[in-house]
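J.: Provided herewith is a single structure, encoded as structure tokens, for subsequent inquiry.
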Amino acid sequence: MKMVGALVAAARIAKGLTQRAFTQELPIDAETVASIEQGRRTLMPDVAEKMDRVLGLPGLLTVAANKMPAVDVIPPWMEEYFASEAEALAMCCYEAGLVPGLLQTEQYARALFGCRIPDMDEEKIELQTAFRINRQKILHRSIPPTPSFIVGEARTTWAATPPSRMR
């Protein structure tokens, strides 16, 4: 993603366009272009086609977007965490508003992956869901870890008329 982003930036700069001027011809905003150029957001093939047209490129970005390798189901930085999790004797987890992954049902996990941005295709949603549900095996091993899960609950305080003034 960083290499493709660098190609987008180099082509845009060679054309003499700022990110803002570039987006005047595209269906995306300057912040999205910045994210693509920094390798934080995937260049989608339909956007790549439009970028090729605006930049006068012979389909180079479209080829790059279509040939980008699939993203791993597990990001490299999470592999060590999951290895430790598999051997854990105790687990403590706090989530501000979602059910922790180890406690999610298959339907809940699938719904969460289906709402992610950028969108995932069905195959990736199924892979992510299967991986998440498979992690739950550690809770059923012969000597499972001692779990402690806390899920925060947001509360809204409403200004209300005190009961003594209600008639």
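J.: Around Leu55, under 9 Å between beta carbons, what's the net of Lys plus Arg minus Asp minus Glu among the other residues? It would help to have the intermediate numbers written out before the result.
T.: Working: positive: Arg12, Lys15, Arg53; negative: Asp52.
Summing Lys and Arg as +1 and Asp and Glu as -1 gives +2.
J.: Moving on to the next point. Please calculate how many Å² of accessible area the chain carries per residue, with a 1.4 Å probe and no DNA, RNA or ligand atoms counted.
T.: Values: 11780 Å² over 167 residues.
Result: 71 Å² of accessible area for each residue.
J.: Across region 83-100, in residue order, what do the Karplus-derived ³J(HN,Hα) couplings come to in whole Hz, using 6.51 cos²θ - 1.76 cosθ + 1.60 with θ = phi - 60° and x for Gly and Pro?
T.: The phi angles translate into 5, 5, 4, 5, 9, 4, 8, 9, 9, 10, 9, 10, 10, 6, x, 10, 5, x Hz.
J.: Can you give the calculated 222 nm mean residue ellipticity of the chain, where each DSSP H run of n ≥ 4 adds -39,500 (n - 2.57) and the sum is split over every residue, rounded to the nearest 500 deg cm²/dmol?
T.: Working: 8 runs with 79 residues, N = 167.
It lands at -14000 deg cm²/dmol.
J.: Under 18 Å between alpha carbons, and skipping anything fewer than 8 positions from Lys124 in its own chain: which lysines qualify?
T.: Lys67
J.: Another question, if that's okay. Kindly provide the trypsin sites (Lys or Arg not before Pro) of region 1-92 that DSSP labels as loop, not H, G, I, E or B, and whose Cβ sees at most 14 other Cβ atoms within 10 Å. Don't skip to the end; give the middle numbers.
T.: On the way: sites: Lys2, Arg12, Lys15, Arg20, Arg40, Arg41, Lys50, Arg53, Lys67; in loops: Lys15, Arg40, Arg41, Lys67.
Those that pass, being in a loop and sparsely packed, are Lys15, Arg40, Lys67.
J.: Would you kindly derive the ³J(HN,Hα) couplings of region 2-17 from the backbone phi angles with the Karplus curve 6.51 cos²θ - 1.76 cosθ + 1.60 (θ = phi - 60°), listing them in order in whole Hz, with x for Gly and Pro?
T.: 5, 5, 5, x, 5, 5, 4, 4, 4, 5, 5, 5, 4, 7, x, 9
J.: Given an 8 Å cut-off on Cα distances and at least 6 residues of separation, report the relative contact order of the chain as a percent.
T.: Working: 153 pairs, mean separation 33.1, N = 167.
For the chain, the relative contact order is 20 percent.
J.: Please list Met51, Met3, Met68, Met91 in order of solvent-accessible area, largest first, computed with a 1.4 Å probe with all protein chains present.
T.: Numbers: Met51 0, Met3 140, Met68 45, Met91 20 Å².
So, going from the largest accessible area down, we get Met3, Met68, Met91, Met51.
J.: Aspartates and glutamates within cross-link reach of Lys2: Cα-Cα under 15 Å, excluding same-chain residues under 8 positions apart?
T.: The reachable aspartates and glutamates, counting only those whose Cα sits under 15 Å from Lys2, are Glu37.
J.: Now for a separate question. Show me the GluC sites (Glu not before Pro) within region 1-93 that DSSP assigns to loop and that have at most 12 other Cβ atoms within 10 Å of their Cβ. Write down the numbers at each step before the final one.
T.: Numbers: sites: Glu25, Glu31, Glu37, Glu49, Glu79, Glu80, Glu85, Glu87; in loops: Glu25.
Answer by residue number: Glu25.
J.: Tell me which residues come under 5 Å, amide H to amide H, from Met91 once H is placed; ignore anything under 5 positions away on its chain.
T.: Sorted by chain and number, the residues that satisfy this are Thr146, Ser148.
J.: Would you mind computing Rg(Cα) / (2.2 N^0.38 Å) for the chain, counting N as its residues? Walk me through the intermediate numbers first.
T.: Values: Rg = 22.9 Å, N = 167, 2.2 N^0.38 = 15.4 Å.
Output field value: 1.49.
The values are calculated or read from the model by the stated rules, or taken from the named source; none is laboratory data. For clarity, every value in this text was computed on a predicted model and none was experimentally measured. For neighbour counting, all protein chains shown are included, and Cβ atoms are generated from backbone atoms with ideal geometry for every residue, glycine included. The protein model used for the area step is the full one, side chains on, heavy atoms only, and it has no ligands, DNA or RNA in it. Shrake-Rupley method; radii C 1.70, N 1.55, O 1.52, S 1.80 Å.
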